[in-house]
1. Restricting attention to the range 257-270, does a residue exist that is outside the structural domain of residue 41 (by TED's automatic domain parsing), within 18 Å of the chain's Cα centre (by Cα), within 23 Å of residue 10 (Cα to Cα) and surrounded by 13 or more Cβ atoms within 10 Å (Cβ to Cβ)?
2. Considering only the range 111-149, state which residues are within 23 Å of residue 86 (Cβ to Cβ), part of a loop (DSSP other than H, G, I, E, B) and among the hydrophobic types (A, V, I, L, M, F, W, C).
3. In the range 142-170, how many are modelled with pLDDT under 95 and of a type in the set (A, V, I, L, M, F, W, C)?
4. Being surrounded by 12 or more Cβ atoms within 10 Å (Cβ to Cβ) and among the hydrophobic types (A, V, I, L, M, F, W, C) is the filter here; which residues of the range 162-195 pass it?
5. So if I check each of 119, 108, 163, 128, which one is closer than 14 Å to residue 184 by Cβ and more than 29 Å from the chain's Cα centre (by Cα)?
6. Only one residue in 377, 346 is out of contact with any Asp or Glu (no Cβ under 6 Å at 6 or more places or on another chain), surrounded by fewer than 20 Cβ atoms within 10 Å (Cβ to Cβ) and closer than 26 Å to residue 309 by Cβ, so which one is that?
7. Within the range 357-376, is there a residue that is modelled with pLDDT of 95 or more, in a strand (DSSP E or B) and not assigned by TED's automatic domain parsing to the domain that holds residue 10?
Amino acid sequence: MTKQLPASATRLTRRQVCARRLHVHALTQPAKDAEPAEIVAATAGTHAQVMSAAELGIALRIEGATRVDIRNALWNDHSLIKAFGPRGTVHLLPAAELGTWTGALSAVAPSVSPFPESVRMSPDQIEVVVDAIGTALLDAELTVDELTDAVADLAGSWAADPVMPAFQTYWPRWRQVQHLAGHRGTLCFGPNTGRNVTYTNPRRWLPSFRPAAAEEAVPRLLRSYLRAYGPSTPQRFAHWLNAPVSWARSVFETADGELCRVDVEGSPAWLPAGELDVPDEAPSGVRLLPYFDGYAYRVGNQPPEHLCPGRAADRVLGGNFQVLLVDGVVGGLWHQRRSGRQIAVTVEPVVDLTAAQREDLDLQVRRVGEVLQGNPTLTIGRVTVGGHG
């Protein structure tokens, strides 16, 4: 149950903020009859650098779902699109919101290129390459090597010059705008061909797709972010998007009439106007968040000292770990290792678990096995693997 706070009641405790976020993220209890795209929308995108982690993170939030449901949403009905999202990282995004995402992300002030002048492209060259990418992918799913050849044919051989230092080799020049092409809506991910990643144009699956105008898209994305991670601030919004803080402040100022300022134990923060719902219950329960899910929960969330108290900060903040949530804050980390259908789960709590929390953990491990379609076993002990890159 949730209750709507009156407009005058603008003070929230951190426990209320935590309870609200668990509820919005379907972590209080899994959603019944929800579609994967609805869960991804509620969390303002799902980090998908590791697809198995994205599948697990979404399916754990839906009662009875497995990784097959997420794959069907992505590759069969295309209600999810794998694309470059916030911070230029790989995300699953709701197809119905792709216009908002591309319109907003392409409006973010660009960062300074890290490449020397000899590697960079002029503004005109950037436009030529982005157009070439969209044209090459409009009727195809291409590997990066195939796309390099196609871009060189359409834009000119200079676009394929191997000038970008990357992983002890050199990438072709055009790849420095790969993320930009994604943000412009001319490139998204196709299904893998064996071990090879493929790219395509989202219009192949969404013929009516067009990026929304920035003046409409940016406020909508801000509202989506605040719904998922609020109450929040311009500084944290900028961090989440990897955008300049000055730009984020201007976005908040422009959207001022659509936002509500609240006080979180002495710190000002903002929520979407009219969305001051707060659960009646205190944050509770044990949850396992996979790789990048816990990272996203941190990046968009309240300050680290409140989300990762005590020993949790020492164990978790140094890397991208799979985290154990206890009553809405980080209470440990975990790891799974698969061999055939056997899934060995190791959980390292950094807080003492009550008997009820230990039972809750057993249920979570069982659900991990159901989602990943394997047979899980649980060991309580130290996680010895490092964080994921």
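The values are calculated or read from the model by the stated rules, or taken from the named source; none is laboratory data. Here the structure is a predicted model, which means the values were calculated and not measured. Glycine also receives a Cβ, built like all others from the backbone with ideal geometry; neighbour counts cover every protein chain displayed.
1. no
2. 112, 115
3. Residues meeting the conditions: 4.
4. Correct list: 163, 164, 171, 174, 177, 180, 181, 187, 188, 189.
5. Testing whether each residue is closer than 14 Å to residue 184 by Cβ and more than 29 Å from the chain's Cα centre (by Cα) leaves just 128.
6. So the residue among 377, 346 that is out of contact with any Asp or Glu (no Cβ under 6 Å at 6 or more places or on another chain), surrounded by fewer than 20 Cβ atoms within 10 Å (Cβ to Cβ) and closer than 26 Å to residue 309 by Cβ is 346.
7. Yes, there is a match, as at least one residue in the range 357-376 is modelled with pLDDT of 95 or more, in a strand (DSSP E or B) and not assigned by TED's automatic domain parsing to the domain that holds residue 10.
Here is a yes/no grid of residues against (1) modelled with pLDDT under 95; (2) part of a loop (DSSP other than H, G, I, E, B):
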residue	(1), (2)
49	yes, yes
78	no, yes
82	no, no
109	yes, yes
